Each structure stands twice: as C-alpha cells, then as structure tokens.
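Student: A single structure is presented below for examination.
The values are calculated or read from the model by the stated rules, or taken from the named source; none is laboratory data. Here the structure is a predicted model, which is why all the values come from computation and not from measurement. Positions of Cβ are generated from backbone atoms using ideal geometry, with glycine treated the same way; all protein chains shown enter the neighbour counts.
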Amino acid sequence: MHTSLCSVDAIRAEYLGLLKKCLTRTLFPESQIPASRVPLLRHNPLGKALRALSRPLLHPIGLQLSGAYQQETRAHGLDWPVEAETMIGTVRLDHLHTCVVSVLEERISGDFVEAGVWRGGACILMRAILKVYGETGRRVWAADSFEGLPKPDGRHRQDDGDRHWTYSDVLAVSLEDVQAAFARYGLLDDQVVFLKGWFKDTLPTAPIGAIAILRLDGDMYGSTMDALDALYPKVSPGGYVVVDDYHSVAACRQAVQDYRSRYGIVHPIQQIDGSGTFWRIQ
Ligand SMILES: C[S@@+](CC[C@H](N)C(=O)[O-])C[C@H]1O[C@@H](n2cnc3c(N)ncnc32)[C@H](O)[C@@H]1O
C-alpha cells in the first residue's frame, strides 16, 4: 500500500474536495436554470421578464434544460443556484478552506462566524474542516434572519432602493432547512450555533468570544456595517475578515470602506475572485 495515498492529509483533501463539489453542485451539476446573480440581468427589464417567465414555467414542473449550468459561473459564485447549499462558488470556498487551515495550523484563537448564511454551505464547510482536523474547541456561528434580507428602513441612504428583500423566494431559507442541510452532511451538532434574527438585533449581544474568521455575506450596507460594528473588535490578531460581495455590491464595499476609514484600518485588502476580498489582522 502506498503511504502517500492513505496519509491523513490526503484523506482530508479527498473528503473536503468532494464536499466542496457537493456543496456547489459542481459534482452533479444542476439541470434547472439558476437565477442570475448579475445585477445587470436581475434589474433590467429583460432580465426581470426572463426571471418572471422562467419561474412558473420551469420550476414547478422541474423542466430540465441541459447547458443551463455554467461551470465558470458557478466557480466564481455568479449565479443563485437552484439546489446547491452555497452560492459563493468554488474559488471562494477554496479560499475559505485555506483560511480555516491557516488559523488551525497557526493556532490563531477564536471561532468562525458567518453573517449571512443562506442555505448554509460556507458554514458547513467550516464545520467539516474542524471535524477532519479533530478540532473540538471552536464553534461555527451561523447568523441569519432565515427569512431573507431586510427591507431598507432608512437607516443608511446607501441601501435606499435596494431590492434584495424582494427576492425572498430565492434568498429566504428557513432555519429548519439550513439545519437539515447540516444534518444531510452529518455535521449538525453543538459545535454549530445558529443566531436567528436581524444582525442589528442578534450580533451585538451574541455570546461570541474571540473570532478567528469573520465572514461577511449580508450584501447590503446596513447588514455589512451591523456585522462589522458588533464583531470586528472580536477578531483575533492573525484572524481573517472575508467580505463576500466587496466587488459585486457597491453598498457593501462602501460599508467596508467607511468602517475601515473610521477606525484607521490599513491592513491591505486582497482579492479572492471578481467579487470576494479579505484582509488579515496583523
Ligand atoms: C448572499 S446570501 C449568503 C450566501 C451564503 N453565505 C452562501 O454561502 O451561499 C445573504 C444572506 O444574508 C442574510 N441577511 C442579509 N442581511 C441580513 C441582516 N441584516 N440580518 C440577518 N440576515 C441577513 C439573508 O437572509 C441571506 O441568507
């Protein structure tokens, strides 16, 4: 028997690689048309008409259209998948994997937090990595309304006119459904904590201690700022702050820039793919 084939590292890599392909459905590509995540298509009349037409016609009868799934699109998290447990794509999942392994190997203290979990895929990956590394002292915090994005309430003019809340048919995923997704992968246990509610209500008082990875995926200005205000001070030296929509949602980027300039944060922002960025607290 070849030792290289059965080393612990090789087995971890096989399992986590397979898991990421399942979570993104790149292993068994979806056959239904994913909703476009590209704002141009989502907000222009043609895109809206296509969405409106495709929903009732295609979804209820589960019509299968070959060729609808695009590997490049899914790799870069540019669509809203019909079935996959995450929309962040393989490039950002791979990057998250690297961050988790880095904090484990470098013993950066703290838990992992995602603000904006949708179907839970990114949190499922983080929990899986803890499991295969035998790490029992850290938790994954999954914060979400579990009912979609908030309707803009006038707190931040940058969110005026934001229409994410109108996509609740796709973006609102119940707590029960997310827990079922964890359970499907055998990863629902007390190392995962669900924080249900609006970030502005749940995050300031959540009993979270040190944070090693803070993943911001709430899309809007207010959602990003609420998470930064409540959680950034808890990120450990050496910890990561990952912003999923930095380049794809201007209001999210503005919140990050406003927060960084308010507190004089100069750690360089690094690119992950066309959308996600991160910085590391040194
Ligand atoms: C883009 S999705 C997250 C995608 C997810 N991270 C993944 O791996 O696919 C955004 C999520 O943020 C949640 N969300 C956005 N703003 C929120 C807020 N202010 N409070 C609570 N949940 C919020 C929505 O309910 C939604 O599930």
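Student: Collect the residues in segment 206-236 that are near the ligand (Cβ under 8 Å from one of its atoms) and among the hydroxyl-bearing types (Ser, Thr, Tyr), keeping them in residue-number order.
Tutor: If the condition is that a residue be near the ligand (Cβ under 8 Å from one of its atoms) and among the hydroxyl-bearing types (Ser, Thr, Tyr), then Ser223 is the only one that fits.
Student: Considering only residues that are of a type in the set (A, V, I, L, M) and near the ligand (Cβ under 7 Å from one of its atoms), which ones fall in segment 116-125?
Tutor: Across segment 116-125, the qualifying residues are Val117, Ala122.
Student: With respect to Gly239, determine if the residue is surrounded by fewer than 16 Cβ atoms within 10 Å (Cβ to Cβ) and touching a residue at least 60 places away in the same chain (Cβ under 8 Å). Explain how you work it out, then say what you get.
Tutor: Working: surrounded by fewer than 16 Cβ atoms within 10 Å (Cβ to Cβ): no; touching a residue at least 60 places away in the same chain (Cβ under 8 Å): yes.
Spelling it out, it is not the case that Gly239 is surrounded by fewer than 16 Cβ atoms within 10 Å (Cβ to Cβ) and touching a residue at least 60 places away in the same chain (Cβ under 8 Å).
Student: Can you find a residue in segment 141-151 that is among the basic types (Lys, Arg), more than 16 Å from the chain's Cα centre (by Cα) and within 12 Å of the ligand (Cβ to nearest atom)?
Tutor: Scanning segment 141-151, I find at least one residue that is among the basic types (Lys, Arg), more than 16 Å from the chain's Cα centre (by Cα) and within 12 Å of the ligand (Cβ to nearest atom), so the answer is yes.
Student: Here's something else I'd like to know. Of (1) in a strand (DSSP E or B); (2) surrounded by fewer than 16 Cβ atoms within 10 Å (Cβ to Cβ), Ala212 satisfies all except one. Which?
Tutor: Going through (1) in a strand (DSSP E or B); (2) surrounded by fewer than 16 Cβ atoms within 10 Å (Cβ to Cβ) one by one, Ala212 breaks only (2).
Student: Also, I was wondering about something else. Are there any helices (runs of 4 or more DSSP H) wholly within segment 59-175 with 1 or more residues that are outside the structural domain of Leu228 (by TED's automatic domain parsing) and without any contact (Cβ under 8 Å) to a residue 24 or more places away in the chain, and if so which?
Tutor: The qualifying helices (runs of 4 or more DSSP H) are 71-75.
Student: State which residue pairs qualify: first residue assigned by TED's automatic domain parsing to the domain that holds Ala122 and more than 18 Å from Gly154 (Cβ to Cβ) and inside segment 208-228, second residue within 8 Å of the ligand (Cβ to nearest atom) and part of a strand (DSSP E or B) in any location, beta carbons under 6 Å apart, and separation of 6 or more residues or different chains.
Tutor: Within 6 Å, the pairs are Arg215/Glu114; Leu216/Ala115; Ala227/Ala115.
Student: Of the residues in segment 176-205, how many are buried (at least 17 other Cβ atoms within 10 Å of the Cβ) and either within 15 Å of the ligand (Cβ to nearest atom) or not in a loop (DSSP other than H, G, I, E, B) (or both)?
Tutor: 13
Student: Here are some residues: Ile11, Ile61. Which one is surrounded by fewer than 19 Cβ atoms within 10 Å (Cβ to Cβ), modelled with pLDDT of 85 or more, among the β-branched types (Val, Ile, Thr) and farther than 20 Å from Asp217 by Cα?
Tutor: Of Ile11, Ile61, the one residue that is surrounded by fewer than 19 Cβ atoms within 10 Å (Cβ to Cβ), modelled with pLDDT of 85 or more, among the β-branched types (Val, Ile, Thr) and farther than 20 Å from Asp217 by Cα is Ile11.
Student: May I pose another question? Name the residues in segment 223-236 that are of a type outside the set (Ser, Thr, Tyr) and surrounded by 24 or more Cβ atoms within 10 Å (Cβ to Cβ), would you?
Tutor: Listed by number, the residues that qualify are Met225, Asp226, Ala227, Leu228.
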